[in-house]
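Nothing in this text is a laboratory measurement; each read-out follows from the coordinates by a stated rule. What you are looking at is a predicted structure, and each value in this text was computed from that prediction instead of being measured. Neighbour counts run over all protein chains shown; Cβ positions are idealised from the backbone, glycine included.
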Amino acid sequence: MDEYIKRKDAFEILQSRLDGISQMSYLDMDWHELDIMRDAIEKAIDDVGEVPSADVQPISQWISVKDRLPDESCECLGVVDGEVTEVNYNPKQKGLMCVWSMCDADGFKPLLGDVVTHWQPLPEPPKDGEHND
């Protein structure tokens with residue numbers, strides 16, 4: 001999995017290195033080498049500003065049905081008998097026994113009892129032109 005760093009954090013790291021080089025100039029260092037290092041870090045700071053932002057999706061979190069239910073009817077991911085599956089939630093059926101149903105080859109089937117333990121919204125579909133490499 002890719003790791004990401006916030007642009008602000010990258011700037012702060014590079015700036016601290018640049019400040020360190022400025023302090024080194026007071027020591028008995030080769031001025032030419034210090035200039036090369038300073039130029040490289042200043043270039044890196046410029047480059048960080050030009051790097052496009054990553055389109056990072058927040059990590060989905062499972063929500064316990066004891067803590068919260070979906071606000072409205074929806075299809076979502078649910079944990080049923082320890083397995084992740086697509087489920088449908090319909091709060092309009094609260095007066096009935098079933099508010100959850102599960103999709104199979106024949107469509108949605110009612111889930112009776114407290115078989116759904118956790119849920120989370122379905123992720124957004126990929127945008128046009130996106131590839132899963």
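You can think of it this way: the chain between D106 and H32 has 19.2 nm of extra reach, that is 0.36 nm per residue less the Cα-Cα gap.
Panel order for W119, W31, W62, by other beta carbons found within 10 Å of each beta carbon, from fewest to most: W31, W62, W119. At q = 0.16, 0.31 Å⁻¹, what log₁₀ I(q)/I(0) does the range 63-121 have when each alpha carbon counts as one equal point scatterer in the Debye sum? At q = 0.16, 0.31 Å⁻¹ the computed log10 ratios are -0.41, -1.63. Note on H118 and D9: with the Förster distance fixed at 35 Å, the Cβ-Cβ geometry gives a FRET efficiency of about 0.60.
Cross-link check: pairs K92/K127; K66/K127; K8/K43 evaluated at a Cα-Cα cut-off of 23 Å; pairs beyond the cut-off: K92/K127; K66/K127. FRET efficiency for the pair T85 and L18, taken as 1/(1 + (r/R0)^6) with r the Cβ-Cβ distance and R0 = 41 Å, rounds to 0.20.
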